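Reviewing the structure listed below.
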Number of protein chains: 4
Amino acid sequence: MDVASVCVVGACGFAGMELCRLVLGHPGMELRMATDRKAAGTRLADVRPAFEGATDIVLSQPDPELIAGSCALAFLAVPHTASLSLTPRLLELGVSVVDLSADFRLRDPATYEAWYGTPHTSTDLLHEAVYGLPELNRAGLQGLAARRADGEPVLVAAPGCYPTATALAAMPALESGIATGDLVISDAISGVSGAGRAATERTHFCHANESVEAYGVAKHRHTPEMEQTLSDVAGRPMGVVFTPHLAPLTRGLLATVYLEAAEGVRPQDVQAAYERRYADEPLVSVLPAGRMPATASVAGGGRAQVGVALSMRRRPMIVASCAIDNLGKGAAAQAVQCANLVLGLPETEGIRAPAPLI
Amino acid sequence: MDVASVCVVGACGFAGMELCRLVLGHPGMELRMATDRKAAGTRLADVRPAFEGATDIVLSQPDPELIAGSCALAFLAVPHTASLSLTPRLLELGVSVVDLSADFRLRDPATYEAWYGTPHTSTDLLHEAVYGLPELNRAGLQGLAARRADGEPVLVAAPGCYPTATALAAMPALESGIATGDLVISDAISGVSGAGRAATERTHFCHANESVEAYGVAKHRHTPEMEQTLSDVAGRPMGVVFTPHLAPLTRGLLATVYLEAAEGVRPQDVQAAYERRYADEPLVSVLPAGRMPATASVAGGGRAQVGVALSMRRRPMIVASCAIDNLGKGAAAQAVQCANLVLGLPETEGIRAPAPLI
Amino acid sequence: MDVASVCVVGACGFAGMELCRLVLGHPGMELRMATDRKAAGTRLADVRPAFEGATDIVLSQPDPELIAGSCALAFLAVPHTASLSLTPRLLELGVSVVDLSADFRLRDPATYEAWYGTPHTSTDLLHEAVYGLPELNRAGLQGLAARRADGEPVLVAAPGCYPTATALAAMPALESGIATGDLVISDAISGVSGAGRAATERTHFCHANESVEAYGVAKHRHTPEMEQTLSDVAGRPMGVVFTPHLAPLTRGLLATVYLEAAEGVRPQDVQAAYERRYADEPLVSVLPAGRMPATASVAGGGRAQVGVALSMRRRPMIVASCAIDNLGKGAAAQAVQCANLVLGLPETEGIRAPAPLI
Amino acid sequence: MDVASVCVVGACGFAGMELCRLVLGHPGMELRMATDRKAAGTRLADVRPAFEGATDIVLSQPDPELIAGSCALAFLAVPHTASLSLTPRLLELGVSVVDLSADFRLRDPATYEAWYGTPHTSTDLLHEAVYGLPELNRAGLQGLAARRADGEPVLVAAPGCYPTATALAAMPALESGIATGDLVISDAISGVSGAGRAATERTHFCHANESVEAYGVAKHRHTPEMEQTLSDVAGRPMGVVFTPHLAPLTRGLLATVYLEAAEGVRPQDVQAAYERRYADEPLVSVLPAGRMPATASVAGGGRAQVGVALSMRRRPMIVASCAIDNLGKGAAAQAVQCANLVLGLPETEGIRAPAPLI
């Protein structure tokens, strides 16, 4: 296997750390650089003791020229807007980019501006970026591999954690036509690492521990990303009512979605539609009828598990639940999955191990 | 204040322990008896060390004659069906009952049999029982106080934890007419104490910790209780799509409900309807617009907090979230609230303290 | 019961919140003022939603004149050094003080300066302050009640959380003479609320959760306070090797202490010495031989539980374990216990309820 | 790399699951069999959903003939005494054994009988077994590799979790002579997975969560194993005062040890002794002076981190803290490390990745 030299930009955030960990264990990648603005010059292991004994890499500044000097591909684990300036420069310098920020996910720059409160300054790249949900978009990602083989740097916009779980939970119903209507309710629960590394009142242990709460109700920024994906899938404009919750766990994300079922749909039809849809997917499993997934079964890994049921109270409703690790399939592992496709490596290389958590 | 002598039946379960704790601190009640079949003869504090130093009460067998010999009121914190035989006997013997089991909540015995898999053997008492949700049924509970003052023993069927939170979250929207449709989605998250004291694979720390999962989807037994209450409130038959989740906390329950909004309803209308509905309620607070409740704010206490928002994606949907302690307002504290009303005591006596948890 | 009007200074910190909660439920105290420098002017319930529905008090600035205008007693839940200026002024103005900071705990100002890095600027008050561990110092605290009854404001220096648990675990062995030597090892584990309300890397949920670590080894500031108390108790100079650990819980503190046993001491002697020592203590329980306390049994309350064993590997060692709530018996509840004594109220008023946590 | 076919006996326990996970990701091992008495005949992934998508292996009965038919090496993740019968038979059949039970750890059968309450029935194998702590016993384990290369099946007795952490924390001090005395205090904290998979009152989420407690004080069965190792290391008979605690985390173990320091030892001597001792160890890191390890830094992985300090209160005491994952370096990963040595594979193959937990 050829070994690609990669850079993790934003290595000290949660997604960045997870990327470093995955790249260090990946036989087809080498962690050549890891950057952090504040900690540049320090050993990664001195800042994040989990790396003690595993790597002696010293953190760098996220300087595009430096990255281009030694890396073929960069993972950007940066806050939104940071990628707007970094990505164009890296592509110019010939570095392929897997961007974990929100900056290149939405095709419509007006939608970006409406939800992120800032104009999109790299609109020309929006049609270049391929949305990195392999279960929806594998052909597109493989197309990037071909272009990259011709020497062209490419850009993947890796999905957000909530949109990943919501899409995986709702896609089979919308694609197969067993769901009707123009609205999907996504009620999701995330571990606290989803709130990021900043120490705030909300992320204080004593606030988050032993508590559950909803936040960002009816206004969370992942909403338009979900609507874009589900509209693509359904072939009609879809709205999403999205309610994220915070629960006292570090890693893990569960999205439970509700869709109106088409007339006459039976429980076995729903189960069959879901099993058929993911039969060949290497990282998505559909649980047997009657079982629902637990996030612990996928935490620390790159897999997703989906369960589905049909409610028959008054009107039939499809209830599907998808469990992922918000930092794994919801961020770093999915970014590696995309990078594998772009680099022509086996799709699950470095991310196929079962969850290390109980 | 007159002091009522009470008995807690099932004192070693989670709700029973919480009842003992509340009664011990209640100036209008005396914990005369506490029963547990298996541990009868042992000091409560030897079985549950949290009571060490606070009471020397010795556990008894749940014998109705014994209870009637010294107690005016019994709280039944027993599994469903156990109350079917115990309650009639206690009433005969002149003991008023606040029943925390499901046995007298559903008015229709056929519905009981369909969901609990056993015929209802005390159907004559079903029309005697008053459903113990004071925010819905205060007059009915006060009516019991009058009857009790005339020497008649009375029966309160205390609500389940999920139905309590779902009702408090949905009632203002249904009563005020700002919600339409015949379906309410209730997506709820409970702490593990809701699964009871039995040591099972599901309640093992290493299973529940660091994980979130849905369970009982489309078939949870609290569904008909919610439908009965919400149909009463709406004045039309309502269905409930109910999805409970388990999250890694001990106490706390959050129900997030989704209802179709009537044409033209604005966010401020929704907020106003909720604030108006609970303006005079001593134990339910509506948070200011834009804020949602956290279970930690009510854990360990008898209060509920509610937040509400209006989603405007395609079709307007009301999203309301209610936080309670599943063992407090969802069980023991609400049972005490009912007992206060039945005994003619101030409604919030013994349960008005703020949550002791951070 | 006469009702004393009190002020909680530092009401938005963890100990301050717990004090407000206890005072609100205390029949002999009225929460007349609650202060917080940053949030003054705001309702306490708006800053700490656990108080929603329980109090409408508005936070004030910690102004001594203002406090003296309406309060007979002030609890100071402030960082060390803040009390050095506040306490003398409050006493001058006639307000009695229960100080939860470290400022008046150490009798020797040189020790204070050595460990806190700042000179002690109110040394004249050091001999006025009574160290507020009622199990050690009840007569002293009752003496304050007499002076206060004569119109004199008084000062209690409430102990730290680790010193409380360490003292309760070690006192019976040292006082009874079954322990020898000049060294006590105290290996303690605290919940994260002990690290305070500041949002830091250490208190981030994702750092503290699923982890245990030692900190401040061989240099924690509670060391001289423990040495002062244990030397008093033993009647000879004692050293303390103190290792605090942080564990992923919100409230709770366990100190396990190790002392060399005197020649010939048998397990039953050790058990008897402990039981005898605490036989009349209202808030300290000694568990039966062979059992050790769990912090959950005392969390949220004002009690302590102690267990003890004798190790016979090579040399006999006494191993005793004391469980408290770091915010309860380790801070707020103990401060209320002291205030009860100072005010001439029943010692356990407002803090005798069993732990509300499971 | 040659691929060894291995069997995991007891695959559904915590250590067994972790072994399966590690073997599945190990380039030099193939998981040919996984056994569980109760679940034989079922897919591992149906019993443990974390394996869904990662393996379709079906669980077998732990039948030695069956194992010998296809496997060169067996990991025994079984309760003590189960290995007494299984191990001799496997060796007879030519299968090498890495035994994670306690059955072959203690060299003295009388000690085994005294602590485990049952006679040792395979005493002839006691001198064959090599104690599998590579940091202490690497040459012995490499000697097994030579014998195995000659066709002889070999036996490794993998250490317990507490003895591993205690030995790693105390060894440098005892070996280097900076510690004196005949007693080591080991005060340790374990995650709940250390209590095993059985659903008991103690492992119930609501018991373990938000609580810390000591257990097995002065009588835990790991005591003689620690004494054997530390006596070997010190060259004189050592006693161990051992206090294990349970804390609310799933994985992770911290042992803090206390040893009397030799006259004149300075802090820098202690730090140097520890750094020197582990300078060449691939899986043990000594943290810089002043820092102590957190279990999260090693959870999910095979590494250990050690920190050390010198207390100077009255008499100098060495305080050292070692963090491991009780299921990793304390069980499964260490067993794989031993198997690597026995099989002639690189020592850290399959276990060198950094901790996947934050």
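Tell me, please, whether a residue that is in a helix (DSSP H, G or I), of a type in the set (Phe, Trp, Tyr) and buried (at least 19 other Cβ atoms within 10 Å of the Cβ) can be found in the range D:100-115.
Within the range D:100-115, the first condition is being in a helix (DSSP H, G or I), and the residues that meet it are D:109-115.
Add one more test, that the residue is of a type in the set (Phe, Trp, Tyr), and what stays is D:112, D:115.
Among the residues that remain, those that are also buried (at least 19 other Cβ atoms within 10 Å of the Cβ) are: D:112.
So far as the range D:100-115 goes, yes, one or more of its residues are in a helix (DSSP H, G or I), of a type in the set (Phe, Trp, Tyr) and buried (at least 19 other Cβ atoms within 10 Å of the Cβ).
Of all residues in the range C:289-311, which are closer than 22 Å to B:ARG21 by Cβ and part of a loop (DSSP other than H, G, I, E, B)?
Of everything in the range C:289-311, those that are closer than 22 Å to B:ARG21 by Cβ and part of a loop (DSSP other than H, G, I, E, B) turn out to be C:ARG291, C:PRO293, C:VAL298, C:ALA299, C:GLY300, C:GLY301, C:GLY302, C:ARG303.
Checking the conditions here, which among A:PRO79, A:PRO27 is over 30 Å from D:MET292 (Cβ atoms), away from chain D (no Cβ under 14 Å) and not hydrophobic (A, V, I, L, M, F, W, C)?
After applying the criteria, what remains is A:PRO79.
Name, by its number, the condition in (1) at pLDDT below 95; (2) outside any loop (DSSP other than H, G, I, E, B); (3) not hydroxyl-bearing (Ser, Thr, Tyr) that does not hold for C:GLU275.
With (1) at pLDDT below 95; (2) outside any loop (DSSP other than H, G, I, E, B); (3) not hydroxyl-bearing (Ser, Thr, Tyr) applied to C:GLU275, the lone miss is (1).
What is the residue count in the range D:1-51 for residues that are among the β-branched types (Val, Ile, Thr) and touching a helix residue (DSSP H, G or I) at 6+ places or on another chain (Cβ under 8 Å)? Walk me through it before giving the result.
To start, the set of residues in the range D:1-51 that are among the β-branched types (Val, Ile, Thr) comprises D:3, D:6, D:8-9, D:23, D:35, D:42, D:47.
Adding the requirement that they be touching a helix residue (DSSP H, G or I) at 6+ places or on another chain (Cβ under 8 Å) leaves D:6, D:8-9, D:23, D:35.
Counting residues in the range D:1-51 that are among the β-branched types (Val, Ile, Thr) and touching a helix residue (DSSP H, G or I) at 6+ places or on another chain (Cβ under 8 Å) gives 5.
So which residues in the range A:267-302 are touching a residue at least 40 places away in the same chain (Cβ under 8 Å), more than 10 Å from chain B (Cβ to nearest Cβ), in contact with a Pro (Cβ under 9 Å, 6 or more places away or on another chain) and under 18 Å from B:VAL217 (Cβ atoms), if there are any at all?
Residues satisfying the conditions are A:VAL270, A:ALA273, A:TYR274.
Can we say A:LEU249 is facing another protein chain (nearest Cβ under 7 Å), within 19 Å of the chain's Cα centre (by Cα), crowded, with 23+ Cβ neighbours inside 10 Å and outside any strand (DSSP E or B)?
Details: facing another protein chain (nearest Cβ under 7 Å): yes; within 19 Å of the chain's Cα centre (by Cα): yes; crowded, with 23+ Cβ neighbours inside 10 Å: yes; outside any strand (DSSP E or B): yes.
Judged against the criteria, A:LEU249 is a match.
Of everything in the range A:5-50, what is of a type in the set (Val, Ile, Thr) and either crowded, with 19+ Cβ neighbours inside 10 Å or in contact (Cβ under 8 Å) with a residue 24 or more places away in the chain (or both)? Give them in sequence order. Spell out how you get there, then give the answer.
As a first pass, look at the range A:5-50 and keep what is of a type in the set (Val, Ile, Thr): A:6, A:8-9, A:23, A:35, A:42, A:47.
Of everything in the range A:5-50, those that are of a type in the set (Val, Ile, Thr) and either crowded, with 19+ Cβ neighbours inside 10 Å or in contact (Cβ under 8 Å) with a residue 24 or more places away in the chain (or both) turn out to be A:VAL6, A:VAL8, A:VAL9, A:VAL23, A:THR35, A:VAL47.
Yes/no matrix, rows are residues, columns are (1) at pLDDT 95 or above; (2) under 18 Å from the mean Cα position of the chain (by Cα); (3) not assigned by TED's automatic domain parsing to the domain that holds D:ARG32:
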{"site": "D:VAL95", "(1), (2), (3)": "yes, no, no"}
{"site": "D:ASP103", "(1), (2), (3)": "yes, yes, no"}
{"site": "D:PRO119", "(1), (2), (3)": "yes, no, no"}
{"site": "D:ALA149", "(1), (2), (3)": "no, no, no"}
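Would you confirm, using the coordinates I've provided, whether C:SER297 is in contact with a strand residue (DSSP E or B) (Cβ under 9 Å, 6 or more places away or on another chain) and closer than 22 Å to B:ALA333 by Cβ?
Numbers: in contact with a strand residue (DSSP E or B) (Cβ under 9 Å, 6 or more places away or on another chain): yes; closer than 22 Å to B:ALA333 by Cβ: yes.
Judged against the criteria, C:SER297 is a match.
Scan the range B:174-200 residue by residue and report those that are under 30 Å from B:THR250 (Cα atoms) and either buried (at least 21 other Cβ atoms within 10 Å of the Cβ) or aromatic (Phe, Trp, Tyr) (or both).
The answer is B:VAL184, B:ILE185, B:SER186, B:ASP187, B:ALA188, B:ILE189, B:SER190, B:GLY191, B:VAL192, B:SER193, B:GLY194.
Would you confirm, using the coordinates I've provided, whether D:ALA54 is part of a loop (DSSP other than H, G, I, E, B), touching a helix residue (DSSP H, G or I) at 6+ places or on another chain (Cβ under 9 Å), on the phi < 0 side of the Ramachandran plot and at pLDDT 95 or above? Show your work before the answer.
Details: part of a loop (DSSP other than H, G, I, E, B): yes; touching a helix residue (DSSP H, G or I) at 6+ places or on another chain (Cβ under 9 Å): yes; on the phi < 0 side of the Ramachandran plot: yes; at pLDDT 95 or above: no.
No, not satisfied.
If you take the residues of the range A:303-326 that are among the small types (Gly, Ala, Ser) and in contact (Cβ under 8 Å) with a residue 60 or more places away in the chain, which of them is nearest to the other protein chains (Cβ to nearest Cβ)? First the steps, then the outcome.
Our first condition is that a residue be among the small types (Gly, Ala, Ser); within the range A:303-326, this holds for A:304, A:307, A:309, A:311, A:320-321, A:323.
In the following step, the residues that additionally are in contact (Cβ under 8 Å) with a residue 60 or more places away in the chain were identified as A:304, A:320-321, A:323.
Details: A:ALA304: 9, A:ALA320: 9, A:SER321: 5, A:ALA323: 7 Å.
Among those that are among the small types (Gly, Ala, Ser) and in contact (Cβ under 8 Å) with a residue 60 or more places away in the chain, it is A:SER321.
Out of the residues in the range A:201-246 that are at positive phi and at the interface with chain B (Cβ under 10 Å from one of its Cβ atoms), which is surrounded by the most Cβ atoms within 10 Å (Cβ to Cβ)? Don't jump to the end; show me each part of the working.
Applying the first criterion (at positive phi) to the range A:201-246 yields A:210, A:216, A:218, A:235.
Remaining after also requiring at the interface with chain B (Cβ under 10 Å from one of its Cβ atoms): A:210, A:216, A:218.
On the way: A:GLU210: 28, A:GLY216: 17, A:ALA218: 19.
Filtering first and then ranking leaves A:GLU210.
Does B:ALA333 meet the test of being under 30 Å from A:VAL217 (Cα atoms) and either away from chain C (no Cβ under 13 Å) or within 10 Å of the chain's Cα centre (by Cα) (or both)?
Working: under 30 Å from A:VAL217 (Cα atoms): yes; either away from chain C (no Cβ under 13 Å) or within 10 Å of the chain's Cα centre (by Cα) (or both): yes.
Answer is yes for this residue.
Within the range A:155-191, count every residue that is more than 14 Å from chain B (Cβ to nearest Cβ), assigned to a loop (DSSP other than H, G, I, E, B) and touching a Gly at 6+ places or on another chain (Cβ under 9 Å).
Selection size over the range A:155-191: 3.
Has the range B:150-163 got any residue that is without any contact (Cβ under 8 Å) to a residue 12 or more places away in the chain and more than 20 Å from B:ARG89 (Cβ to Cβ)?
Taking every residue of the range B:150-163 in turn, at least one turns out to be without any contact (Cβ under 8 Å) to a residue 12 or more places away in the chain and more than 20 Å from B:ARG89 (Cβ to Cβ).
Take C:GLY264 and decide whether it is at the interface with another protein chain (Cβ under 10 Å from one of its Cβ atoms), modelled with pLDDT of 95 or more and either surrounded by fewer than 24 Cβ atoms within 10 Å (Cβ to Cβ) or touching a strand residue (DSSP E or B) at 6+ places or on another chain (Cβ under 7 Å) (or both).
Working: at the interface with another protein chain (Cβ under 10 Å from one of its Cβ atoms): no; modelled with pLDDT of 95 or more: yes; either surrounded by fewer than 24 Cβ atoms within 10 Å (Cβ to Cβ) or touching a strand residue (DSSP E or B) at 6+ places or on another chain (Cβ under 7 Å) (or both): yes.
No; evaluated as a whole, the condition is false for this residue.
Which one of these is farther than 18 Å from C:THR229 by Cα, in contact (Cβ under 8 Å) with a residue 12 or more places away in the chain and touching a Lys or Arg at 6+ places or on another chain (Cβ under 7 Å): C:ALA195, C:ALA214?
On the way: C:ALA214 fails: touching a Lys or Arg at 6+ places or on another chain (Cβ under 7 Å).
That would be C:ALA195, the only listed residue that is farther than 18 Å from C:THR229 by Cα, in contact (Cβ under 8 Å) with a residue 12 or more places away in the chain and touching a Lys or Arg at 6+ places or on another chain (Cβ under 7 Å).
Is it true that A:THR81 is within 21 Å of the chain's Cα centre (by Cα) and surrounded by 23 or more Cβ atoms within 10 Å (Cβ to Cβ)?
On the way: within 21 Å of the chain's Cα centre (by Cα): yes; surrounded by 23 or more Cβ atoms within 10 Å (Cβ to Cβ): no.
It is false that A:THR81 is within 21 Å of the chain's Cα centre (by Cα) and surrounded by 23 or more Cβ atoms within 10 Å (Cβ to Cβ).
Just one of the numbered conditions (1) under 21 Å from the mean Cα position of the chain (by Cα); (2) more than 30 Å from A:MET29 (Cβ to Cβ) is not true of A:VAL308; which one?
Here A:VAL308 meets the rest and fails (1).
May I ask you to say which residue of D:ASP103, D:ASP2 is in contact with a His (Cβ under 7 Å, 6 or more places away or on another chain), more than 30 Å from A:ALA304 (Cα to Cα), more than 14 Å from every other protein chain (Cβ to nearest Cβ) and in contact (Cβ under 8 Å) with a residue 24 or more places away in the chain? Working first, answer last.
Details: D:ASP2 fails: in contact with a His (Cβ under 7 Å, 6 or more places away or on another chain).
Exactly one of D:ASP103, D:ASP2 is in contact with a His (Cβ under 7 Å, 6 or more places away or on another chain), more than 30 Å from A:ALA304 (Cα to Cα), more than 14 Å from every other protein chain (Cβ to nearest Cβ) and in contact (Cβ under 8 Å) with a residue 24 or more places away in the chain, namely D:ASP103.
Filter the range D:116-140 down to the residues that are outside any loop (DSSP other than H, G, I, E, B) and of a type in the set (A, V, I, L, M, F, W, C), then identify the one that is farthest from C:ARG313 (Cα to Cα).
Applying the filter and picking the extreme gives D:ALA139.
Do we have B:THR203 as hydroxyl-bearing (Ser, Thr, Tyr), modelled with pLDDT of 95 or more, touching a helix residue (DSSP H, G or I) at 6+ places or on another chain (Cβ under 6 Å) and farther than 30 Å from C:LEU249 by Cα here?
On the way: hydroxyl-bearing (Ser, Thr, Tyr): yes; modelled with pLDDT of 95 or more: yes; touching a helix residue (DSSP H, G or I) at 6+ places or on another chain (Cβ under 6 Å): yes; farther than 30 Å from C:LEU249 by Cα: no.
For B:THR203, the condition - hydroxyl-bearing (Ser, Thr, Tyr), modelled with pLDDT of 95 or more, touching a helix residue (DSSP H, G or I) at 6+ places or on another chain (Cβ under 6 Å) and farther than 30 Å from C:LEU249 by Cα - is not met.
I'd like the residue in the range D:27-51 that is at pLDDT 95 or above and over 23 Å from B:CYS206 (Cβ atoms) and, out of all such residues, is farthest from the chain's Cα centre (by Cα).
Within the range D:27-51, the match that is farthest from the chain's Cα centre (by Cα) is D:GLY41.
The values are calculated or read from the model by the stated rules, or taken from the named source; none is laboratory data. Keep in mind it's a predicted model, so treat the numbers as computed, not measured. For neighbour counting, all protein chains shown are included, and Cβ atoms are generated from backbone atoms with ideal geometry for every residue, glycine included.
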